[in-house]
Structure formats: structure tokens, C-alpha cells
Amino acid sequence: MKQIALIMLAGLLPWTGRADVGSTNVSAGAVLARVLESRPTKDFSLKARLFVSHGEPVPVEILVKNTPVETRTVYRAGQTEALIVQTVRGEPQFYLRGAGQLTGARRMQRLLQSYFTFYDLGLPFLRWPNPKFVEMGRVRGRDCLIIESSATGEPYARVQMFIDKQYNALLRVTAFDENQTPVKRLMVTSFKRLGEVWIPRAMEAAYLPPGQTLPAEEKSRLEIYEGNYDTQLPAEWFSVERFGAGKSSE
């Protein structure tokens, strides 16, 4: 497996599969830096189904434009259109067409009433300061480095991230509130090949209601069934100006 680009959630989050069989002296900051730096350079488009409840799934189109300095991802479903901008350095930015930029608590709006929030899709906790290596773990048979980060003034107080040890890929996130109670879990559950890259075939977002324990029954699933890698997407589709307040979907 010479090159892998695993796309996790927004951008989604890609990785190029540079294996790191490294030492036991783990630098959490270096691990997360490799996760952020490993991303495809080509544009791609995906078709997905979002399972929100026991009803019919919602079709979602995911468009990703990569440049040397950032990744821009558009989610389209019916009249809903959202944009997430992830720069190589700096915090993600979130936009909802007709509402403009989402800041503060508005970042926690749910994509099509699912348990995937815009904040989750942007993975800002990958950039939180002072991450710490906790221990080794396993996710779906893969050896993982468990990295923990904390922050103040954010929707989550602490997160634990499971990073594939060999390929520097984010496979699972567990988020905790200020009482150190787990409240959300994001996880890649299966993979598929798209051209020269590998992408998640299915991802889950599980919400943990107060007083319950993981695994939660309240979850949403995003399944990708078709894609085109190395396509050329028009830059104007990803323009921030298209997502200004008052601009409705075409």
C-alpha cells in the first residue's frame, strides 16, 4: 500500500499514508502535525447517504477543493449548502448559505439534523494547544496512539483522539464535557478505494444523552457510495461570498 489518502469527516480529513513505525518516545504535537500535513493535493467529489433516523437516508454531495494553503469542503443536500474552510495553519471557518459565517455556539449546528455538527466536521481540536500522548490503543484491529487535548471556551472541554500508528490517520474521537463526561463519539467504521486513494466508506457520530454510557443508541451514519478523485472543481463554488447571509441556494 504505497499511498493512502484517508478522508475523515470534513475536508474531509485526508492523509497520505506516510508510515511511521517510530520510537516509543511519542511527541503528541508531532503526531497531530503529521495528521494535518498529510492531505491530497487534488480536488475530488463524493456522493453519500446520511442516515439521520429510521426513515429514508438523505442524499448528500461532498465537494472538496485542495490548494497548497487550505482545503475547502462543500456539503450539498437539497436547499442546504455548507462550507468548511480548513487552512494549513489556523482555525477552521464555517459557513451556511443564507446564514453566513457560523461562530461561537452556532458552530454546533447539526448537518441536516444529524449528530454530525459543523464543528465536528471541521475537527478544530486537532489544533488545540498542548496535546498529550496518553497510551497505545486499538481501533478496528489497528494499533493507535491515543492523543488527548483540552481547551476552554470550546463546545467540548476535552477530546481523546485515536491516531493510526502506521499511517497517521484519525480513526476515532471521543469528546467530553466540563464534567469529564463523554458526550460524543466520531468514528470511521469502514473504508473503500477511490482511484489512487482510500476513503472512509462509512462514518458514525454518536451522541451520548445525560446519564447514559457509550456506545449510545442515538447515532447518525454517513455512507459514501460513489466518488471522483482528481477532478477539477470551479473555484467559485467554494467562494466565501456565496455563503453570505441572505444568499439562498440556487
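Judged by the mean number of other Cβ atoms found within 10 Å, the most tightly packed of the peptides 158-166, 174-182 leads the ranking 158-166, 174-182. Gain on full extension, evaluated as 0.36 nm per residue between Thr87 and Asp230 minus their Cα-Cα distance, stands at 49.5 nm.
Each Lys or Arg adds one and each Asp or Glu takes one away; over the other residues whose Cβ falls under 12 Å from the Cβ of Val159, this sums to +2. Among residues other than Leu171 with Cβ under 13 Å from its Cβ, the summed charge is +3 (Lys and Arg +1, Asp and Glu -1). Sites listed here are trypsin sites (Lys or Arg not before Pro) in region 31-111 whose DSSP assignment is loop and whose Cβ has at most 13 other Cβ atoms within 10 Å: Arg89.
Each Cα pair under 8 Å and six or more residues apart adds its separation to the average, and for region 15-148 the resulting relative contact order is 16 percent. Pairs with C-alpha atoms separated by more than 29 Å, drawn from the list Lys42/Lys184; Lys42/Lys165; Lys65/Lys192; Lys42/Lys132, are Lys42/Lys184; Lys42/Lys132. Its Cα centre serving as origin, region 98-177 has a Cβ charge dipole (Lys and Arg +1, Asp and Glu -1) of approximately 140 debye.
For the pair Val134 and Ala77, label points projected 7 Å from Cα toward Cβ lie 2.8 nm apart.
Throughout, read-outs are computed from the coordinates displayed, never taken from laboratory work. These numbers come from a predicted model, not from an experiment. When we count neighbours, we look across all protein chains shown, and the Cβ atoms used for this are built from the backbone with ideal geometry, even at glycine.
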